Amino acid sequence: MPRLKLVPATEPSLAEKVRQRVRAMPRPAAVLQCNRCGGREMIETKTGMLFKDGKASGGTKQILCAACLLKGERVVVL
Ligand SMILES: [Zn+2]
């Protein structure tokens, strides 16, 4: 049976500590914006939903720019 040796934990460097702290912070909320027209009005769509027991469910959610949609363009924002 191999003998296990305890390796002392190395103290993280100052830069690593800063990186850990930044990673632990919550990401700031940002306003969704269309990258084609700069609009901020969005429409949520779902593709491939299932209709079961009188209810629609599932499907792939996508967020489209409403302004571009009115112009006949389908711009997926998220
Ligand atoms: Zn747009």
| If you take just the strands (runs of 3 or more DSSP E) that sit entirely in segment 12-78, which of them hold at least 2 residues that are modelled with pLDDT of 95 or more, surrounded by 11 or more Cβ atoms within 10 Å (Cβ to Cβ) and of a type in the set (Val, Ile, Thr)? | 42-47
| request: Give segment 52-75 a look and list any residue that's of a type in the set (D, E, K, R) and within 16 Å of the ligand (Cβ to nearest atom), or say none. | output: Lys71, Glu73, Arg74
| List, please: which pairs have Cβ atoms under 9 Å, are six or more places apart or on different chains, and start with a residue in segment 28-41 that is more than 8 Å from the ligand (Cβ to nearest atom) and end with one that is at pLDDT 95 or above and acidic (Asp, Glu)? | none
| request: Being under 20 Å from the mean Cα position of the chain (by Cα) and among the charged types (D, E, K, R) narrows it down to one of Glu11, Glu73, Glu16, Glu44, so name that one. | output: Glu44
| said: So for segment 6-27 (the condition being touching a helix residue (DSSP H, G or I) at 6+ places or on another chain (Cβ under 8 Å) and on the phi < 0 side of the Ramachandran plot), does at least one residue qualify? | reply: yes
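The values are calculated or read from the model by the stated rules, or taken from the named source; none is laboratory data. Small disclaimer: the values here were computed from a predicted structure and weren't measured. Here Cβ is always computed from backbone atoms with ideal geometry, including for glycine, and neighbour counts include all displayed protein chains.
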